[in-house]
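The values are calculated or read from the model by the stated rules, or taken from the named source; none is laboratory data. Bear in mind the structure is a predicted one, so any value in this text is a computation, not a measurement. Cβ sites come from the backbone with ideal geometry, for glycine too, and all protein chains shown count toward neighbours.
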């Protein structure tokens, strides 16, 4: 088991309240590893009368897991875009949408893994950020942003296919709150949506909180000008500029399918770069801003705080009675501690610099997108392999479909 030295622990006590600047003087920027980031969120109020325009589902599990999202689309009368890859078979997803009825769905086959017209990002070249089974969440969510912008949507609900249990009134409340917010999340409090390290921390510290995430997030598509990088906690980086502006809120909660977070200890190491980066950036926003971004001295101190956070969690787990847990958290924490010890402050600074440059490129890219005004036109414009399932029309005939082979589209206005 990896245990930080006494010198490291002493450094963490200092860095909890201050970070040394280039001249050796201390600033007022906190480098704590926070258990909650609730203070950087604002409380949404009902200020508008808008309705949701569409739902984008990141589907990686068998198609049946997308049924709650399809039923929500039917209840709200909005289109549901299922982005299918991995175990989500597109044909099964089409059959599911047809069986539910009264739903308009677009099933997109992303199993081929193409770039689908997305720009190339500097951040995607960072090996440490793309370790392990990262998946394709960032690609699906960025594509969802493009579809929403091209279709002329204002509001878009991102859902993962392991999320359910929302309150319809909270969904509608979150949409109306976009009048003053760029993004409003419904955090997954049960089962908690945390990294593996924070799941372990919750076992010994009940103050461990859950932040809003892309798993259930309503976004003002036209106002949003950030993207989801290829990294663990990509949604926190998408949200960070809006958190700084006080334009991110939380409403209600959702439920995430339960799983054993400690069953594959190596995943904790794969998450570590993204978890350190996201926790560090969000913690920085408690007392600082992204302009200028955190200096290298901040990341030196935060890495010390992170190592101490993992060590304290290890010690707590050793002392606690965890007999009821399916897997011990200790091997995963050991993997995280090892991965943390291999990170450098310079690599974190380099990543943030690349991320800020990518933000500029993305903003230029989306500012030049045309407004096509319809979802089917947006799908056609991006040349996506897709199938539509439409509500019956008033004349009793089925609406046109477009298939993966022919890409036939309903006529655009």
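Points worth noting:
- Residues being surrounded by fewer than 23 Cβ atoms within 10 Å (Cβ to Cβ) and over 14 Å from residue 343 (Cα atoms) - total across region 263-282: 6
- Residue 97 satisfies every condition listed in (1) surrounded by 19 or more Cβ atoms within 10 Å (Cβ to Cβ); (2) within 21 Å of the chain's Cα centre (by Cα) except (2).
Matching residues to (1) touching a strand residue (DSSP E or B) at 6+ places or on another chain (Cβ under 6 Å); (2) modelled with pLDDT of 95 or more; (3) over 30 Å from residue 320 (Cβ atoms); (4) surrounded by 20 or more Cβ atoms within 10 Å (Cβ to Cβ):
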{"residue": "331", "(1), (2), (3), (4)": "no, yes, no, no"}
{"residue": "341", "(1), (2), (3), (4)": "no, yes, no, no"}
{"residue": "349", "(1), (2), (3), (4)": "no, yes, yes, no"}
{"residue": "354", "(1), (2), (3), (4)": "no, yes, yes, no"}
{"residue": "368", "(1), (2), (3), (4)": "no, no, yes, no"}
{"residue": "374", "(1), (2), (3), (4)": "no, no, yes, no"}
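- Verdict on residue 226 being in contact with a helix residue (DSSP H, G or I) (Cβ under 8 Å, 6 or more places away or on another chain) and assigned to a loop (DSSP other than H, G, I, E, B): yes
- Failed criterion for residue 70 (all others in (1) touching a strand residue (DSSP E or B) at 6+ places or on another chain (Cβ under 9 Å); (2) in contact (Cβ under 8 Å) with a residue 60 or more places away in the chain hold): (2)
- Qualifying residue in region 328-341 (condition: farther than 20 Å from residue 282 by Cα, over 25 Å from the mean Cα position of the chain (by Cα) and free of Cβ contacts under 8 Å to residues at least 12 places away in the same chain): no
- At least 3 residues being modelled with pLDDT of 95 or more and closer than 21 Å to residue 252 by Cα is the threshold, and among the helices (runs of 4 or more DSSP H) wholly inside region 1-112 those reaching it are 67-76.
- All of (1) out of contact with any strand residue (DSSP E or B) (no Cβ under 8 Å at 6 or more places or on another chain); (2) crowded, with 21+ Cβ neighbours inside 10 Å; (3) under 23 Å from residue 42 (Cβ atoms) hold for residue 150 with one exception: (3).
- Meeting the requirement of 3 or more residues that are under 30 Å from residue 260 (Cα atoms) and in contact with a helix residue (DSSP H, G or I) (Cβ under 7 Å, 6 or more places away or on another chain), the helices (runs of 4 or more DSSP H) wholly within region 318-387 are 330-341.
- Pick from region 160-202, criterion in contact with a helix residue (DSSP H, G or I) (Cβ under 7 Å, 6 or more places away or on another chain) and assigned to a helix (DSSP H, G or I), ranking: surrounded by the fewest Cβ atoms within 10 Å (Cβ to Cβ): 168
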